[in-house]
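Quick one: structure below, then a few questions.
The values are calculated or read from the model by the stated rules, or taken from the named source; none is laboratory data. Owing to the predicted nature of the structure, the values given are computational and were not obtained by experimental measurement. Cβ placement follows ideal geometry from the backbone for every residue including glycine, while neighbour counts extend to all protein chains displayed.
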Amino acid sequence: MTADAEGRGALRAWVGLVAGAFAVGAVLHGAGVLAIDHLPPLHGHFRFLTFALLPAAAFAAVAVPVLPRLTARAGFGVACLAAYGCALAWTVLLAAPSDGPAAPFTHPQEYLAVLPQVGHDPLGWLATFTERLPSYPTHVRGHPPLPVLVVWALAGAGLTGPLPAALLVIAVGCSATVAIGLTVRRVAGEAAARRALPFLALAPASVWIATSMDAFFAGAGAWGVALLVTGRRPVTRVVSCGGAGVLLGALPYLSYGLVPYLLIPVVVAVAVRPPLPAVCAALGGAAAVTAAFAAGGFWWPAGVAATHAQWTADPGAARPYLYFLVANLAVLALLTGPATAVGLARSWRRLVTGPVTAAGTARAWRRLVTGPVAALVRAWHRLLPGGTVVVAAALVAVLALDVSGVTRGEVERIWVPYALWVTVAAALAPWRHALTAQAVTGLLLQGLVLSPW
């Protein structure tokens, strides 16, 4: 199969998945099965924006031809800064037509609404978090306590209100572009990272980076992975891995849905093989986070049980499992864009018929079937091009969440931390207009979907 035919096939599959999810969702909504979702598989409403998107469209028209040249030719540090600046501008310009980035954080079901109950006693609030869970707003009931403590600390620093919270989320969420770029550079080489940076900066997922606390989770997780692979000297390596352990250990306390995310740092760590002291530092950092929350009175398994009880009583739990098993993947396709579909198709072809010898392929497949985790990652790393070992890990994590059934709809924000890693595959698309397609997808999502986040 030629690259052009392969790309066309991937695009048809992408369009078919997305269109099919919307078509079936419309039928289910009309029949009253999905009464709480007005634009399934998305949790939003249809709208039609035109002139309000002109600034974002104008920016994309400049960034699409300029950013790839800049990230390819400038020093790597400059390339990362350029991608970060582009991600910030793109995200803010996309959010501007929807009452600005601060608007979603004014909602009474968001984290800021519970700050008066935290008051000046965060430890007391933490100790009673599980037992008082039913009285909290929706997003607080659906998450561990750390997101509230983050916005509480921000307010304690004098940055009160929805705008500082929104700016923090955008700044941290967009920084995932740099963190993922650094990780890809270490795992797959600088050329692969340079190709990925423009796609990360202009990812369609940016539509929800400006509106959801999950973007903060994405940034924290991405830097947790990046710190595992930074630092060349033994001392700096141990320190950075300790920081990685703290960030990665905090993920389950930011969102219960981030537990499968931990597969990504495991795969990256096996691929780069950090020294034993660095591994111990990472594990120690993660253990310190768990110990701190336990000492503060929050027991994570009890929080999971309490949140699950709230979820089963929520109307969202009655959504049809089989529809969202597929529709959730259609939402992931929207967040990652059509170029990612083409890149994934190319990666799959390389996995099956890649340019390795027959004997090498046989050995790799034997490892895939029979080997331990280390052999599995080595086999993937040999067969998959350009660092898509991290893409594979992110996809497996998404599938685990999807099959679990606890993510039935409203995943456009939940998928953000995973979607950015999957978007790395877009850099493999042998398609002249791949980056343009990504930007257009983001503009269409912002222009046609009114999201509550």
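Yes/no per residue for (1) of a type in the set (Asp, Glu); (2) crowded, with 19+ Cβ neighbours inside 10 Å; (3) closer than 20 Å to LEU334 by Cβ; (4) in contact with a strand residue (DSSP E or B) (Cβ under 8 Å, 6 or more places away or on another chain):
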{"site": "LEU11", "(1), (2), (3), (4)": "no, no, yes, no"}
{"site": "GLY25", "(1), (2), (3), (4)": "no, yes, yes, yes"}
{"site": "GLY30", "(1), (2), (3), (4)": "no, no, no, no"}
{"site": "ASP37", "(1), (2), (3), (4)": "yes, yes, yes, no"}
{"site": "PRO40", "(1), (2), (3), (4)": "no, yes, yes, no"}
{"site": "ARG69", "(1), (2), (3), (4)": "no, no, no, no"}
{"site": "GLY77", "(1), (2), (3), (4)": "no, no, no, no"}
{"site": "GLY85", "(1), (2), (3), (4)": "no, no, no, no"}
{"site": "ALA96", "(1), (2), (3), (4)": "no, no, no, no"}
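Have a look at THR340, THR290, THR307 and point out the one that is of a type in the set (Val, Ile, Thr), assigned to a helix (DSSP H, G or I) and over 26 Å from LEU149 (Cβ atoms).
THR340
For region 293-304, what are the residues that are in contact with a Ser or Thr (Cβ under 9 Å, 6 or more places away or on another chain) and not in a loop (DSSP other than H, G, I, E, B)?
Pass one, region 293-304, residues in contact with a Ser or Thr (Cβ under 9 Å, 6 or more places away or on another chain): 297-300, 302-303.
Scanning region 293-304 gives TRP300, ALA302, GLY303.
Among the residues of region 394-453, write down those that are closer than 23 Å to LEU67 by Cβ, in contact (Cβ under 8 Å) with a residue 24 or more places away in the chain and not in a helix (DSSP H, G or I).
Answer for region 394-453, where residues must be closer than 23 Å to LEU67 by Cβ, in contact (Cβ under 8 Å) with a residue 24 or more places away in the chain and not in a helix (DSSP H, G or I): ALA429, PRO430, TRP431.
Another question, then. If you scan region 239-262, which residues turn out to be surrounded by fewer than 20 Cβ atoms within 10 Å (Cβ to Cβ) and farther than 30 Å from PHE129 by Cβ?
VAL239
May I pose another question? Say whether the condition of being aromatic (Phe, Trp, Tyr), in contact with a helix residue (DSSP H, G or I) (Cβ under 9 Å, 6 or more places away or on another chain) and either without any contact (Cβ under 8 Å) to a residue 24 or more places away in the chain or not in a helix (DSSP H, G or I) (or both) is met by at least one residue in region 115-125.
yes
Would you check which residues across region 51-96 are in a loop (DSSP other than H, G, I, E, B) and out of contact with any helix residue (DSSP H, G or I) (no Cβ under 9 Å at 6 or more places or on another chain) and list them?
Result: GLY75, single match.
Of all residues in region 293-352, which are more than 18 Å from the chain's Cα centre (by Cα), at pLDDT 95 or above, of a type in the set (A, V, I, L, M) and under 30 Å from THR436 (Cα atoms)?
Hits for region 293-352 are LEU325, VAL326.
Now for a separate question. Test THR436 against the criterion of being surrounded by 22 or more Cβ atoms within 10 Å (Cβ to Cβ), touching a helix residue (DSSP H, G or I) at 6+ places or on another chain (Cβ under 9 Å) and closer than 20 Å to VAL15 by Cβ, and give yes or no. If you could, list the steps in order and put the result at the bottom.
Values: surrounded by 22 or more Cβ atoms within 10 Å (Cβ to Cβ): no; touching a helix residue (DSSP H, G or I) at 6+ places or on another chain (Cβ under 9 Å): yes; closer than 20 Å to VAL15 by Cβ: yes.
Taking the combined requirement at face value, the residue does not satisfy it.
Within the bounds of region 135-142, is there any residue that is touching a residue at least 24 places away in the same chain (Cβ under 8 Å) and either of a type in the set (Asp, Glu) or surrounded by fewer than 16 Cβ atoms within 10 Å (Cβ to Cβ) (or both)?
Looking through region 135-142, at least one residue is touching a residue at least 24 places away in the same chain (Cβ under 8 Å) and either of a type in the set (Asp, Glu) or surrounded by fewer than 16 Cβ atoms within 10 Å (Cβ to Cβ) (or both).
Next up: So which helices (runs of 4 or more DSSP H) are wholly in region 149-223 and hold at least 3 residues that are touching a residue at least 40 places away in the same chain (Cβ under 8 Å) and either hydroxyl-bearing (Ser, Thr, Tyr) or more than 28 Å from LEU450 (Cβ to Cβ) (or both)?
162-188, 190-201
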